[in-house]
């Protein structure tokens, strides 16, 4: 007699712990067919970039190993999600598909279309929360509208704590006959020649167990001083959980409750707790914005910015991408991004401000570059944060707030350790000049300040002139 079968369709939830859809499927009493579909067409212009595809390969390999320990397989299919999910359902005789909700515009459309497609075969699509702390529809203003400002969103969202995380299943039961599966290696998610992923391999350990270890290490070593040190890129003061959260190797509910428990166990950690929780809720706010304003990744949230007088500067964009702008803190950040697939959040703000305000290059160009280079390329956070820096977003920094890259470097990398790590040609520069090497007397530095001599480049734009130009562009917009 054939056993009852259901599919668990994995998406951005590549874990077994605190997986509400998986837990519900097990409670249903059926045999489980885990499925992942690599669908490059559904996201359209927002298909995964190179760094994200590299991470996905290793994350899937880790999940495959975890499932194998529980005597089930991960079925891999590449193609149209609706066609592949439907095909696996027919091949296995599955009566239902369980999945975690996703909130990107293309994912919302996909879920609606899949629901209709499965219904024609009398197969049920069952969706569950799991990738967010709070569902976007549930956090509303007193006027029953979505929020546009973060602080009231934080207050409203956190009136009740998030749900408690669920334990991972100890064992799983698969079907009597397994459907066809593709080989992960055949997807060619990893680079070949040139192999640009060496720095990422050194920087990251990927999967559910490493994600939990990273969280525990952060809570034990850095939570106490997180409020004071989270803006210091020269120190290991942040959680670096963003890619693990993006791919769902750990849930935000797990992070929230683990942080609360850690602070309860050690009162000194209390001072960093709220700051960390607010970072988790900023991620929530970004998804809230994307869900309610699905055009967020392409169009300015504040419509008056549609007429902003952006400049065309291909050379400036290339210098920014390569980390050769002549401003050390900017270049350090861009090189860290290229090498590791990640950048410290304070430096993300500095580099984004430089592109948008010093060079007057549209924020969408920076958003696209980050999308391809980040291992935590999250559509909601990337779009919301770029618009925040550009002044065009929800609760945005005013456009006239223009970061001085020298002052930012002096404030947040005072000893120059971050710059020296990522811009090694500046290593001989004395600390007092590390963030403005053009001012360093020749007798104190053996290098050259001009690119033609093989040294570090001079600034591609003067800060004072760039600031004046940006303010003039903003003034023209207001008129």
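What follows is calculated from the coordinates using simple rules that are stated; it is not laboratory data. What you see is a predicted model; the values in this text were computed from it and never measured. As a convention, Cβ positions derive from the backbone with ideal geometry for all residues, glycine included, and neighbour counts pool all protein chains shown.
Just subtract the alpha-carbon distance of residue 274 and residue 475 from 0.36 nm times their residue separation and send over the number in nm, one decimal. Could the numbers behind the result be given before it?
Details: separation 201, 0.36 × 201 = 72.36 nm, distance 3.72 nm.
Additional length available on full extension: 68.6 nm.
Report, to the nearest 10°, how far helix 81-92 tilts away from the longest principal axis of the Cα atoms in the chain, using its own Cα long axis and a range of 0 to 90°.
30 degrees
What is the angle, in °, between the Cα long axis of helix 463-478 and the longest principal axis of the Cα atoms in the chain? Nearest 10 is fine, range 0 to 90.
Approximately 60 degrees, to the nearest 10.
If a paramagnetic tag sat 7 Å from the Cα of residue 151 along the Cα-Cβ line, which residues of the range 265-288 would have the backbone N under 16 Å from that point?
Those under the cut-off are 275, 278-279, 282.
So for the range 303-478, what percent of the C-alpha to C-alpha distances run longer than 28 Å? Don't skip to the end; give the middle numbers.
Values: 3228 of 15400 pairs.
More than 28 Å apart: 21 percent of the Cα pairs in the range 303-478.
Quick one, which of [x] 43, 25, 19; [y] 52, 31, 20; [z] 42, 24, 23 is the actual semi-axes √(5λ) of the Cα gyration tensor in Å calculated for this model?
So the calculated entry is the one marked [z].
Label points 7 Å out from Cα along the Cβ direction at residue 4 and residue 142: separation in nm?
4.8 nm
At 7 Å along the Cα-to-beta-carbon direction for both residue 236 and residue 427, put a label point, then send me their distance in nm to one decimal.
2.1 nm
Could you tell me how many degrees, from 0 to 90 and to the nearest 10, lie between the Cα long axis of helix 328-340 and the main elongation axis, the longest principal axis, of the Cα atoms of the chain?
30 degrees
Rounded, prolate or oblate for the range 242-352? Axes are the square roots of the Cα gyration tensor eigenvalues, ordered a ≥ b ≥ c, and the cut-off for rounded is a/c under 1.5. The partial results should precede the final answer.
On the way: a/c = 2.51, a/b = 1.53, b/c = 1.63.
Oblate.
Compactness ratio of the range 134-263: Cα Rg over 2.2 N^0.38 Å, N = residue count? Mind dumping the intermediate values first?
On the way: Rg = 19.7 Å, N = 130, 2.2 N^0.38 = 14.0 Å.
Computed over Cα atoms of the range 134-263, the ratio equals 1.41.
Let me make sure I get this right: for the range 5-130, a, b and c are the square roots of the gyration tensor eigenvalues over alpha carbons, sorted descending. Under 1.5 in a/c it's rounded, otherwise prolate if a/b > b/c, else oblate. Which is it?
On the way: a/c = 1.56, a/b = 1.08, b/c = 1.45.
Oblate.
Can you bin the range 306-407 into rounded, prolate or oblate? Criterion: square roots of the alpha carbon gyration tensor eigenvalues sorted a ≥ b ≥ c, rounded for a/c under 1.5, prolate for a/b above b/c, oblate for the rest. Walk me through the numbers before you get to the answer.
Working: a/c = 1.39, a/b = 1.14, b/c = 1.21.
In terms of gyration-tensor shape, rounded.
If the chain between residue 61 and residue 195 were fully stretched, how many nm would it gain, using 0.36 nm times the residue separation less the Cα-Cα distance? It would help to have the intermediate numbers written out before the result.
Numbers: separation 134, 0.36 × 134 = 48.24 nm, distance 1.93 nm.
Separation in residues times 0.36 nm, less the Cα-Cα distance, equals 46.3 nm.
Per-residue counts of other Cβ atoms within 10 Å, averaged by peptide: what ranking do you get for 346-357, 68-79, highest first? Walk me through the intermediate numbers first.
On the way: 346-357: 24.4, 68-79: 16.3.
So the order, starting with the most tightly packed, is 346-357, 68-79.
Could you tell me the calculated FRET efficiency between residue 397 and residue 216, based on Cβ-Cβ distance and R0 = 45 angstrom, to the nearest 0.05?
Numbers: r = 33 Å, r/R0 = 0.74.
So, using R0 = 45 Å, E works out to roughly 0.85.
Please give the contour-minus-distance gain from residue 45 to residue 108: 0.36 nm per residue of separation, less the Cα-Cα distance, rounded to one decimal in nm. Don't skip to the answer; put the middle values down first.
Working: separation 63, 0.36 × 63 = 22.68 nm, distance 1.56 nm.
Roughly 21.1 nm would be gained on extension.
Helix-only estimate, please: 222 nm mean residue ellipticity of the chain, summing -39500 (n - 2.57) across DSSP H runs of length 4 or more and dividing by its residues, to the nearest 500. Display every interim value, and only then the final one.
Numbers: 19 runs with 212 residues, N = 479.
Helices in the chain give a 222 nm mean residue ellipticity of -13500 deg cm²/dmol.
For residue 120 and residue 70, what does the FRET efficiency come to when R0 = 30 Å and r is the distance between their Cβ atoms, rounded to the nearest 0.05?
Numbers: r = 32 Å, r/R0 = 1.08.
Efficiency computed from Cβ-Cβ geometry: 0.40.
So, R0 is 60 Å and r is the distance between the beta-carbons of residue 315 and residue 265; what FRET efficiency does that work out to, to 0.05?
Efficiency computed from Cβ-Cβ geometry: 0.65.
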